[in-house]
Amino acid sequence: MQKSKSPTVTAAPYRRRFRLRISTLLLSLIAIASIAIGVGIVVRFIARHVAVGSVPVSATTSTISLPFKTRVLYTAGAPGPCDTPGKSHWFAGTATATQCVAGHLRLTMQQPHVTSTEGFRYPGTLPKNYAVQVTINNLTSAACGGTFLRVTNTGAYYFAVCANGTWSIQKYSAGRSISTLAHGSMRQSSTYTIVASVNGSHLGLIINGVVATAPTDTAFSATDHITLDVSATNSTKQSIDFFDFSLLAIE
């Protein structure tokens with residue numbers, strides 16, 4: 001009887017499969033390394049460029065990142081007379097009409113060319129360096145809204161944005177002397193979230209997360225009170241709604 005021959009085993013297919021597996025493994029490792037490098041770049045970018053502090057506000061507005069660390073001193077969803085638990089800390093200025101409308105404070109000018117204000121005195125020791133965050137909407141066509149910081153009987157700094165997207169930082173000195181320290185324009189919006197800050201000689205303004213040019217000035221360092229304000233770009237009487245007010249200590 002003739003013996004059957006054992007089948008010949010060829011190594012080539014196995015080598016090809018082995019090479020294919022090695023190639024697949026190498027491609028996977030390269031892909032993982034690329035992802036890791038990309039994540040590292042993103043993390044380094046965030047570490048370098050994202051602001052140190054952030055202030056969460058209500059669901060109606062987004063979180064604003066700030067280029068400094070802050071501590072919340074006071075908040076009011078609806079400021080002024082609409083701030084029921086803290087109503088005694090607020091006071092209306094001259095030629096100002098105030099209304100509480102749908103959880104907002106509405107300030108309306110009562111005389112042309114006369115800024116309407118709602119003042120606030122912090123019930124405690126206000127630090128020298130601080131920031132105010134507030135959101136405004138329902139701006140009438142020629143309205144400008146914002147806040148005065150470091151207000152005393154010698155002057156104040158005014159931070160404002162107008163309905164058309166123009167903004168400014170101004171110095172008001174005794175005797176009604178007004179000088180513009182910085183100004184510009186941004187994309188027009190129906191709602192503006194403003195963060196105005198006084199930090200040493202640095203005056204900061206962030207509008208809807210966009211950092212405006214920050215000037216320096218040493219004229220005023222003390223604060224008696226702060227105000228929320230509405231003014232006009234023409235001779236008409238304008239109004240604005242204010243909400244989500246926060247007073248922040250800069251640390």
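Only the coordinates and a few stated rules stand behind these numbers; no lab work does. Note that the structure is predicted; figures quoted are calculated from it, not measured. Ideal geometry is used to build each Cβ from the backbone, glycine not excepted, and the neighbour counts take in all protein chains shown.
So N164 ticks every box in (1) free of Cβ contacts under 8 Å to residues at least 24 places away in the same chain; (2) touching a strand residue (DSSP E or B) at 6+ places or on another chain (Cβ under 9 Å) but one. Which box is left unticked?
(1)
Out of the residues in the stretch 204-225 that are within 20 Å of V161 (Cα to Cα) and among the hydrophobic types (A, V, I, L, M, F, W, C), which is farthest from the chain's Cα centre (by Cα)?
A214
Kindly indicate which of Q99, Q110 is surrounded by fewer than 19 Cβ atoms within 10 Å (Cβ to Cβ) and without any contact (Cβ under 8 Å) to a residue 12 or more places away in the chain.
Q99
Collect the residues in the stretch 165-187 that are among the polar types (S, T, N, Q) and loosely packed, with under 15 Cβ neighbours inside 10 Å, keeping them in residue-number order. Break it down into steps so the answer makes sense when it comes.
First, the residues of the stretch 165-187 that are among the polar types (S, T, N, Q): 166, 168, 170, 173, 177, 179-180, 185.
S173, S177, S179, T180, S185 - these are the residues of the stretch 165-187 that are among the polar types (S, T, N, Q) and loosely packed, with under 15 Cβ neighbours inside 10 Å.
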